[in-house]
Amino acid sequence: MIVLFALVVAILFGTGAYLMLKRDLIRVVAGIILISNAVILFIIAAGLTRGRAPIYPLPEGEPISDPLVQAMALTAIVISFGITALLLSLVYRVYTTRETVDKEDLSLAEAEDERQLEVERRA
Amino acid sequence: MTVLLPLLLALGAAPVVLVAGVLGARPAAWASIVMAALACGATLWGRWAGGGALDVAWAPSWGLRLTFALDGLAVLYALLATGIGVAVLLYSARYLPLHLEHQGRPARDAIRFYALIVLFMGAMVGLVMAQDLLLIFVFWDLTAIASYYLIGYDRHKAESRAAALMALLVTGISAVLLLIGLLLLQALYGTFALPAIVERATPGPAQTLAAGLIAAGALVKSAQVPAHFWLPRAMAAPTPVSAYLHSAAMVAAGVFLLGRIYPLLRLSPFLLDLLLVVGLLSMIFGSVLALTRDVLKQILAYSTIAQYGYVVVMLSLGTSAGVVGAAFYVIAHALAKSALFLTAGTVTEVTGEDRLSRLGGQWRGLPVLAAASGVAAAGLGALPLTIGFFKDELFFKAALERGWPFAALATLGAALTLAYVWHFWSGIFLGPLRGEAGRPPLPLVAPIVALGLLVAVGGVAVAPAADLAEAAGRVAFADLQPVEPAYHLDARPENLLALATYALAATIIAARPRWFRLAAATARLGERVGPERWYAAGLVRLNRSSRALLALEVRDLRSRIATVLVPTAVLVAIGLWATPTEGAFRVGRITVTDLPTVLGLLLAAVGALVATVPRRPLTLILALSSVGYSLAAVFAFLGAPDVALVAVLIETILTLLFLGVLALFPAELLKDQAVGPAPRPSLRWRNVGVGLGAGAFAFAVGWATLSQPAAQESVAVQHIRLTPAAHAKDVVTAILADFRGLDTMGEITVIAIALLGIAALLGRRERPMASDERRATSDERASGEEKRRREGR
Amino acid sequence: MTVLTRVIARLLLPSTLITAIAVLVKGYGDVGDGFSAAVIAAFGVLLQYVAFGHRAAARALPLRAMPAVSFAGLLLALLVTFGPVLRGQAPLAHSPAPGADVIYLGTLELHTALVFDLGVFLLVFGFAVGAIDLIAGATDRERGQGPL
């Protein structure tokens, strides 16, 4: 199981990193979602015990799942939800001001803006 | 009560003034004067009642207490802050309407001014009474903030704004030094309470460093060389502000703090020697520059640097006479300096001139003012029959105790002081008439007369001021020898030095044409290569580096992401290479009961791999949600139903949100993205390479970590045991809301901030310039597109 | 959307909210807590959007108040967290103290951890519905007032 968890975490992380390097911002957001998923899975996999749900009354003689990692994973899930929603609206805002979600177009436009500002400052 | 009353009156003054401001500017002025007078009276009453202390625990579990005490040091500085405050406010009540009228600003602007001055006063009173280092820091910063707004009060002038910013930045650095120092002290002695620290302090390098940092902060605030340059700039403020800033607040706060931590400074002779050097430099440098200045307020500004240099020297001489003398000096200086500043303000108001070279002979039109400010000037110049005589007597006494070289330097400093004071006063009032003569309104003269009277009375009956100074000295110096300043008509060394001073000053004044060029050249050199240049260059450097960082950040987002991923990978690789790995990795067993989990994991992996392929965003989103749901199933199989429930719910709502946002983009854009020009092959392989590398390292780290579970009993076991006591059955919920609730608190704060961010990004209000922006950028985009095609091919 | 969907959507709103509240108050005894309850409640509202469109939903529900709801939740949680500090206890020291008697309301045990969870619920609910509302509002503007 240990290798399998590590392998799946690695796949999620690797595909996330690959998507983050893509040109359009939507895929960047997708990449961040995948990386968050990788991290949450990693946290859960790091639990010291696996078994029944940690809810009283506890089963006699059976192992119970590590509740600490679950609490942390919950926190991580909710935060990644908030961040993803923020990123999505950021992407939309970028689109409304620049009419593109392509990173290369954006950096060209930024450079152009900088140049214009510099010209104005000189003038 | 003796502590609380002055404190509350001083701190409550600003709100009272603002409330009175509803009625208009004049009521606000009167409210400020009354509040300052009440605070002054309450301080006097507190001193009469024998002082006192106040200690309220407001967050005891974190060791946070509100501790104030009205000791000798606090009484002295609080009396100055409130007493000089009354004089300055009385003066402002007439001066400010005129000032605003000259600038064509509404009279209501004055309300803010009065409120800020009394806020400044409140911050000073709080600072001097605070016995807790954290409180000292808070009030220290409050004085900086109040002074920022006051120096930049004429906010339409670029010069004022720059001066205010400079004062804020420079004294902000002082606050940082103070903060580091007090945190060090807390780490050393485990408390922020100053009396306890003084009790526990023992000499040592760490203690020296902490006290040195705090002293450095105090020196910057007191405008000592080489951090003196902000003070002459701060003259851009309206005159009453300068008068107050120099005599009773802000600059005085620096030497106050030196007095407050004096027991700590005394532990290190090295620190005292360092202070001595800084003080002497400031004294000589400030005096020489003051002699070369032409603008009235500039002379006084450099004089302040020199005068606080005296105070630092006296403190660092480390004798009873020095410590009492320093406190006495602060009183005498505050009275005389505020009177001289107000004189400069009145003269400028009447004649419209602010330079010595265009003024002269004004005693004809302003005889009362000339007399009152003459007394004040004599006080600053330490002539007999003024309070100033005793400040120099104590100064000489302290210097003599240390040795003749110091006495010689003290004499030189005192002579220079007398010379520039004469230069200032005679330049305005004596000689042939230059500048218009006029009659000033009474309120612009009365406070100066009052201050001049105090200077003269102090020269006859020295006991009240001496008592104040001695009480203040006793706080700093537990084993204080009584020093009683008095007139002695005999040939003791102090008197001889005073006579030498007068003779030397007369020589300096008479020989002015001979040394003036040299002094002016020194001043110019200081301006060209001095610390003010370093400050300006530092600002330019900072701006440039932040622009460079911005350029790096914005130019290519992908390189930026890669620059995060690649160094991380390198670090991880080094870590893996350096760690012995033999037997560290475990494969783990898979049993039949694990099959559903394995299935879910495999589905998630497939979903993630699929997500890299599609060109259509819709397919991408579906692949993503399949990953999310598979993982939720895995969580459920692993005995984590809470996580599984939240994961399913959040995955669903996130998918819907993602679809909703996609619906906002026009179909052409998405199609364009999907079909668009294919990336250059090299880039594509770079991306695949980075992805594979990131995956490989995540695998290595993940496997290594998961193979090594912590050996000792998990905290979780404790949590499980404690859950019934916490009135809960679900351990996970109990952890979230109780055992580790602070984590949850932090998390929901993040969520709240994210909501603010979304609201700011998608809010209903369209920005007015958005449409123009859009047009402009779409043009740019077209040209950018073309450029890229050319490069791509 | 058909009439049937609308009727069902309207009927589902109260029952979703009741489910959410059940998940919230039972959080201490069973699966579920403030987060899941909040997201379930948000689904109820999202359904109204899908069925009636943004404008109608915005008329029927107090959506403008969502950021306020969110921050009320944050304040509530902050109060429970740092209130004990003022009384000289550790942050998040719940009352009644561990092991002490609690007031039962049916099988529900009343204590301040529940208030904390309520704060979390309000905040996440406000966040989710607020985000949905903002995105739907942006869609309206993009499409010239049309429903989602």
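The values are calculated or read from the model by the stated rules, or taken from the named source; none is laboratory data. Fair warning: this is a prediction, and the values are worked out from it, not measured in the lab. Cβ atoms come from the backbone with ideal geometry, glycine included; neighbour counts cover every protein chain shown.
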Only one of B:93, B:37, B:13 is crowded, with 23+ Cβ neighbours inside 10 Å and closer than 22 Å to residue B:338 by Cβ; which?
B:13
Going by the conditions given, is residue B:284 surrounded by fewer than 24 Cβ atoms within 10 Å (Cβ to Cβ) and assigned to a helix (DSSP H, G or I)?
yes
Considering residues that are in a helix (DSSP H, G or I) and touching a residue at least 24 places away in the same chain (Cβ under 8 Å), the number found within the range B:124-139 is 11
Across the range C:23-48, the tally of residues that are under 23 Å from residue A:58 (Cβ atoms), part of a helix (DSSP H, G or I) and of a type in the set (A, V, I, L, M, F, W, C) stands at 2
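Of all residues in the range B:607-621, which are over 20 Å from residue B:594 (Cβ atoms), assigned to a helix (DSSP H, G or I) and in contact (Cβ under 8 Å) with a residue 12 or more places away in the chain?
Here is the first cut: in the range B:607-621, the residues over 20 Å from residue B:594 (Cβ atoms) are B:608-621.
Cutting the leftovers down to assigned to a helix (DSSP H, G or I) gives us B:608-611, B:617-621.
Answer for the range B:607-621, where residues must be over 20 Å from residue B:594 (Cβ atoms), assigned to a helix (DSSP H, G or I) and in contact (Cβ under 8 Å) with a residue 12 or more places away in the chain: B:608, B:610, B:611, B:617, B:618, B:621.
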Answer from A:68, A:106, A:34, A:41 - the residue that is more than 7 Å from chain B (Cβ to nearest Cβ), touching a helix residue (DSSP H, G or I) at 6+ places or on another chain (Cβ under 9 Å) and assigned to a helix (DSSP H, G or I):
A:106
Among the candidates B:761, B:706, B:692, single out the residue that is farther than 25 Å from residue A:78 by Cα and facing chain A (nearest Cβ under 7 Å).
B:692
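For (1) touching a residue at least 60 places away in the same chain (Cβ under 8 Å); (2) out of contact with any Leu (no Cβ under 7 Å at 6 or more places or on another chain); (3) within 30 Å of residue B:441 (Cβ to Cβ); (4) not in a helix (DSSP H, G or I), each residue gets a yes or a no:
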site: B:299; (1), (2), (3), (4): yes, yes, yes, no
site: B:310; (1), (2), (3), (4): yes, yes, no, no
site: B:332; (1), (2), (3), (4): yes, yes, yes, no
site: B:336; (1), (2), (3), (4): yes, no, yes, no
site: B:342; (1), (2), (3), (4): yes, yes, yes, no
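Of all residues in the range B:640-651, which are without any contact (Cβ under 8 Å) to a residue 40 or more places away in the chain and within 48 Å of the chain's Cα centre (by Cα)? Don't jump to the end; show me each part of the working.
Of all residues in the range B:640-651, those without any contact (Cβ under 8 Å) to a residue 40 or more places away in the chain come to B:641, B:644-651.
Result: B:646, B:647, B:649, B:650, B:651.
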Scanning the range B:734-757 residue by residue, the ones that are of a type in the set (S, T, N, Q) and more than 7 Å from chain A (Cβ to nearest Cβ) total 1
Determine, yes or no, whether residue B:191 is among the β-branched types (Val, Ile, Thr) and modelled with pLDDT under 90.
yes
Regarding the range C:82-100, can at least one residue be identified that is of a type in the set (A, V, I, L, M, F, W, C), within 24 Å of residue B:646 (Cβ to Cβ), crowded, with 20+ Cβ neighbours inside 10 Å and within 16 Å of the chain's Cα centre (by Cα)?
no
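Give the residues of the range A:6-31 that are more than 28 Å from residue B:665 (Cβ to Cβ) and either β-branched (Val, Ile, Thr) or more than 8 Å from chain B (Cβ to nearest Cβ) (or both), sorted by residue number. Let's see the steps before the verdict.
Within the range A:6-31, the first condition is being more than 28 Å from residue B:665 (Cβ to Cβ), and the residues that meet it are A:6-11.
Within the range A:6-31, A:8, A:9, A:11 meet the criteria.
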Here's a check for you: in the range B:593-616, which residue that is facing another protein chain (nearest Cβ under 9 Å) and over 56 Å from the mean Cα position of the chain (by Cα) is farthest from residue A:26 (Cα to Cα)?
B:594
Within the range B:709-733, how many residues are assigned to a helix (DSSP H, G or I), more than 8 Å from chain A (Cβ to nearest Cβ) and in contact with a helix residue (DSSP H, G or I) (Cβ under 8 Å, 6 or more places away or on another chain)?
3
Quick one: residue B:382 ticks every box in (1) surrounded by fewer than 24 Cβ atoms within 10 Å (Cβ to Cβ); (2) at positive phi except a single one, so which number is it?
(1)
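Quick grid of which residues meet (1) over 21 Å from residue A:76 (Cβ atoms); (2) in contact with a Ser or Thr (Cβ under 9 Å, 6 or more places away or on another chain); (3) not hydroxyl-bearing (Ser, Thr, Tyr):
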position	(1), (2), (3)
B:567	yes, no, yes
B:586	yes, yes, yes
B:609	yes, yes, yes
B:628	no, yes, yes
B:634	no, yes, yes
B:637	no, yes, yes
Working only within the range C:79-90, note down all residues that are without any contact (Cβ under 8 Å) to a residue 12 or more places away in the chain and at the interface with another protein chain (Cβ under 7 Å from one of its Cβ atoms).
C:85, C:86, C:88, C:89, C:90
